1. Taking the range 89-105 as the search range and keeping residues that are without any contact (Cβ under 8 Å) to a residue 60 or more places away in the chain and within 20 Å of I161 (Cβ to Cβ), which one is surrounded by the most Cβ atoms within 10 Å (Cβ to Cβ)?
2. Against the definition (farther than 21 Å from D59 by Cβ, of a type outside the set (K, R) and either crowded, with 18+ Cβ neighbours inside 10 Å or in contact (Cβ under 8 Å) with a residue 24 or more places away in the chain (or both)), how does V131 come out, yes or no?
Amino acid sequence: MSLLLVACREDETFADAGKGESGGKEPAAETSVGSSVSVEGESDLEDQLVGYWAANFEDLIVARESELGEALPSDEREELKKAVESGAFSLMLHFPEKGRMTGYMTGQDPSVMTYEVMEVDAANRVLDVEVTGDVDFSGKVTFQEDDKIMVTRNEEKGAIIVRRIGKEAFEKLRGEPEG
């Protein structure tokens, strides 16, 4: 995720599309100590992260337009759509187990990271996390739907929105042989 959020600034055309706010919704504020969730609630929500996640064209557009505060120009929208549909641009996360994740972005080496859940807001389905990797940061993982999460860094504007995918789809996006 650190690689993805940092690298998003390097290519103005495509990678920035992975950043943005959540369509006008702000991530929920931290819960107070008195209302924090039990370890069981944390485990349940964190367990839902394990698996494969990838950004799709629509989510990249929503994130980018939210960040800009206006509609993406049609030429940029078409360029991004072609890149995503052709496989020339992909943005993926893999959580092989609790506490570990790897970020993948076209043209970049995989970014292996660890994370620790610091706070859980089960009512709003938000995990506050400390991430350690190429770049260390504090962030939030917000479950927007059962199969859709938004990852944000506390220090910066922008987000990555990804949806759950199967292993086969993940391997296809990465260009790996199935099996």
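1. Restricting to residues being without any contact (Cβ under 8 Å) to a residue 60 or more places away in the chain and within 20 Å of I161 (Cβ to Cβ), the top hit is F95.
2. No; evaluated as a whole, the condition is false for this residue.
For every residue, the table says whether it meets (1) of a type in the set (S, T, N, Q); (2) within 23 Å of K140 (Cβ to Cβ); (3) modelled with pLDDT of 85 or more.
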position: G51; (1), (2), (3): no, yes, yes
position: R77; (1), (2), (3): no, no, yes
position: A88; (1), (2), (3): no, no, no
position: M113; (1), (2), (3): no, yes, yes
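The values are calculated or read from the model by the stated rules, or taken from the named source; none is laboratory data. Since we're looking at a predicted model, the values are computed, not measured. Glycine also receives a Cβ, built like all others from the backbone with ideal geometry; neighbour counts cover every protein chain displayed.
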